[in-house]
């Protein structure tokens, strides 16, 4: 394990007033985690210390999620892209704060998706999964985006052999309820 430092500037206007820093244990160098779409290429300045604390905590939860599950970010998206910028006709209902992942560098066809809605209609999502040949697992009150206000939902095709292992890893090793570093 290595110690990585997450540093987010904050301040109003063009002036940086300070930095919020967090050190967390990680299995890889920081560059490994920057591949996640939620990590900006350069840290944007937050307008307040509270915003900087929320961002630092989110980035720490992403690192913990990636280390716990072994998943790596993917730019692939298993659902048709929005045709009008607002809708995804064949995507699961309730998608919000969504990312795609793969279980290994060369396993591109075994994509998994996490989504973290504020409100989840479990019956509707289960019906969508049954109709489209997908599986899901719901983890209330934990996640990367904004726990406990969002719930982590893991989705993948029903034949993905890595699903059960990732679910077990999240259950046993991911502390996604931690609000701060």
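The values are calculated or read from the model by the stated rules, or taken from the named source; none is laboratory data. What you are looking at is a predicted structure, and each value in this text was computed from that prediction instead of being measured. Using ideal geometry, Cβ is built from the backbone for each residue, glycine included, and neighbour counts are taken over all protein chains shown.
What to note about this one:
A quick yes/no check of all residues on (1) surrounded by fewer than 16 Cβ atoms within 10 Å (Cβ to Cβ); (2) under 30 Å from residue 6 (Cα atoms); (3) modelled with pLDDT of 90 or more:
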site	(1), (2), (3)
85	yes, no, no
91	no, no, no
104	yes, yes, no
114	no, yes, yes
174	no, yes, yes
177	yes, yes, no
180	yes, yes, no
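- Flag for residue 28 being more than 18 Å from residue 145 (Cα to Cα) and modelled with pLDDT of 85 or more: yes
- Beta carbons closer than 7 Å, at least 6 apart along the sequence or on distinct chains, never pair a first residue in segment 59-70 that is outside the structural domain of residue 99 (by TED's automatic domain parsing) and farther than 14 Å from residue 35 by Cα with a second that is modelled with pLDDT of 95 or more and part of a loop (DSSP other than H, G, I, E, B).
- For segment 63-83, taking the residues that are farther than 20 Å from residue 157 by Cβ and at pLDDT below 80, the one that is surrounded by the fewest Cβ atoms within 10 Å (Cβ to Cβ) is identified as 83.
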